[in-house]
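Participant: Sharing a structure with you now.
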Amino acid sequence: NAGVTQTPKFRILKIGQSMTLQCTQDMNHNYMYWYRQDPGMGLKLIYYSVGAGITDKGEVPNGYNVSRSTTEDFPLRLELAAPSQTSVYFCASSYLDETQYFGPGTRLLVL
Amino acid sequence: DAKTTQPTSMDCAEGRAANLPCNHSTISGNEYVYWYRQIHSQGPQYIIHGLKNNETNEMASLIITEDRKSSTLILPHATLRDTAVYYCIVGTDYKLSFGAGTTVTVRA
């Protein structure tokens, strides 16, 4: 199993641009999550999903959107990129509310 | 969610046990204690979790005090590869809240 994969690894965006961060898991987990991590800080939950077609906001959802059309995929959409969204983004998945498995992260720089 | 307090950093000698403390004085009766670690900006990695009883797995041991207001993660024989940020988290469900954690440096 590849586990949780994320693309791209690194991206530079200009202010106002949009992009989608991809996340895929092959463990048949029903729960999936998006976190962001600012330099020197812990992770903050952006959005999460408990199954296909179900999403909910986490601690810091503003400026982001998600969808969950399949069990495997949980893309994160940034519509109007702002410098405050410069961060490292981690996707994770779990079987119900058990151990979370994290992807390698996407580093985003907004200039 | 209850909050946790961890030391900012600590050093450990290679081959020795590393004892990482965590205070969670406002923990609720049904909240678990979880430990994750993050090695050099990689995605966090699950280590262990517990509710009341002490727990042990192939990576570490978790000691929870009887009043559940604090816990200690023990890495029995620290190696250089254990250098990481260690997060102590309390919660009842899947919405984990990561603090700043403890930066552990294992020295040869």
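The values are calculated or read from the model by the stated rules, or taken from the named source; none is laboratory data. Since this is a predicted model, take the numbers as computed values, not measurements. Virtual Cβ from ideal backbone geometry, glycine too; neighbours counted across all protein chains shown. All accessible areas refer to the heavy atoms of the entire protein, side chains included, with ligands and DNA or RNA removed. Shrake-Rupley method; radii C 1.70, N 1.55, O 1.52, S 1.80 Å.
Participant: How large is ³J(HN,Hα), in whole Hz, for each residue of the stretch B:57-71 in order, when computed from phi with the Karplus curve 6.51 cos²θ - 1.76 cosθ + 1.60 and θ = phi - 60°, using x for Gly and Pro?
Facilitator: Going residue by residue, I get 9, 5, 9, 7, 10, 10, 10, 10, 5, 4, 7, 6, 8, 8, 8 Hz, with x marking Gly and Pro.
Participant: Here is a further query. So what are the protein assembly as shown's ellipsoid semi-axes, whole angstrom, largest first, if each one is the square root of 5 times an eigenvalue of the alpha-carbon gyration tensor?
Facilitator: After scaling each eigenvalue by five and taking roots: 30, 20, 16 Å.
Participant: Further question: Run through the DSSP bridge list for chain B and note the antiparallel percent, rounded to the nearest 5.
Facilitator: Of the beta bridges lying entirely in chain B, close to 85 percent run antiparallel.
Participant: In nm, to one decimal, how far is the A:Thr5 label point from the B:Asn30 one, both placed 7 Å along Cα→Cβ?
Facilitator: Placing both labels 7 Å along Cα→Cβ, they lie 3.9 nm apart.
Participant: Taking each residue in A:98-111, count the Cβ atoms of any other chain within 10 Å of its Cβ, then average. What number comes out?
Facilitator: For this peptide, the per-residue mean of nearby foreign Cβ atoms is 3.
Participant: In addition: For the protein assembly as shown, with all protein chains present and a 1.4 Å probe, just round the carbon and sulfur fraction of the accessible area to a whole percent.
Facilitator: Summing carbon and sulfur atoms, their accessible area is 49 percent of the total for the protein assembly as shown.
Participant: Let me ask something additional. Set the bar at 18 Å for Cα to Cα. Now go through B:Lys3/B:Lys69; A:Lys57/B:Lys69; A:Lys44/B:Lys3 and name every pair that lies beyond it.
Facilitator: Result: A:Lys57/B:Lys69 exceed 18 Å.
Participant: How much accessible area per residue does the protein assembly as shown have, in Å², with a 1.4 Å probe?
Facilitator: Here the residues of the protein assembly as shown average 50 Å² of exposed surface.
Participant: How far is the Cα center of the stretch B:89-108 from the Cα center of the stretch A:23-72, in Å?
Facilitator: Each part's Cα centre sits 19 Å from the other's.
Participant: Please flag any cysteine in chain B that has no other cysteine's Cβ under 4.7 angstrom from its own Cβ.
Facilitator: Lacking a cysteine Cβ partner under 4.7 Å: B:Cys12.
Participant: Right, next: Suppose every K and R has +1 on its Cβ and every D and E has -1 on its Cβ; what is the size of the dipole of the protein assembly as shown about the Cα centre, in Debye to the nearest 20?
Facilitator: 640
Participant: Among the aspartates and glutamates, which have Cα under 18 Å from the Cα of A:Lys14 when same-chain residues fewer than 8 positions away are ignored?
Facilitator: Leaving aside aspartates and glutamates fewer than 8 places away in the same chain, those within reach of A:Lys14 are A:Glu79.
Participant: Cut-off 16 Å, label point 7 angstrom out along Cα-to-Cβ of A:Met19: give me the residues of the stretch A:56-73 whose amide nitrogen falls inside.
Facilitator: The answer is A:64-65, whose backbone nitrogens lie closer than 16 Å to the label point.
Participant: Considering the options A:Asn28, A:Ser87, A:Thr99, tell which one lies farthest towards the positive end of the dipole of chain A, charges being +1 on Lys and Arg and -1 on Asp and Glu at the Cβ, about the Cα centre.
Facilitator: Highest projection toward the positive end goes to A:Ser87.
Participant: From largest accessible area down, sort B:Lys69, B:Lys95; use a 1.4 Å probe on the protein chains.
Facilitator: Listed by decreasing accessible area, they come as B:Lys69, B:Lys95.
Participant: So, one more: So who's got an amide H within less than 5 Å of the one on A:Thr86, skipping anything under 5 residues away but keeping other chains? H placed 1.01 Å off N, in plane.
Facilitator: Answer set, sorted by chain and number: A:Val110.
Participant: Then there is this: Which whole-number percent gives the relative contact order of chain B, counting Cα pairs below 8 Å spaced six or more residues apart?
Facilitator: It comes to 37 percent, rounded to a whole number.
Participant: Return the average number of partner chain Cβ atoms within 10 angstrom of each residue Cβ along peptide B:38-49.
Facilitator: Mean partner-chain Cβ count within 10 Å for B:38-49: 5.
Participant: Along the charge dipole of the protein assembly as shown, pointing to its positive end and built from +1/-1 on Cβ of Lys, Arg, Asp and Glu, which listed residue (B:Ile27, A:Leu109, B:Ser71) has its Cα farthest out?
Facilitator: Highest projection toward the positive end goes to A:Leu109.
Participant: What does the charge dipole of chain A about its Cα centre add up to, to the nearest 20 debye, if the Cβ of each Lys and Arg holds +1 and the Cβ of each Asp and Glu holds -1?
Facilitator: Result for chain A is approximately 480 debye, rounded to the nearest 20.
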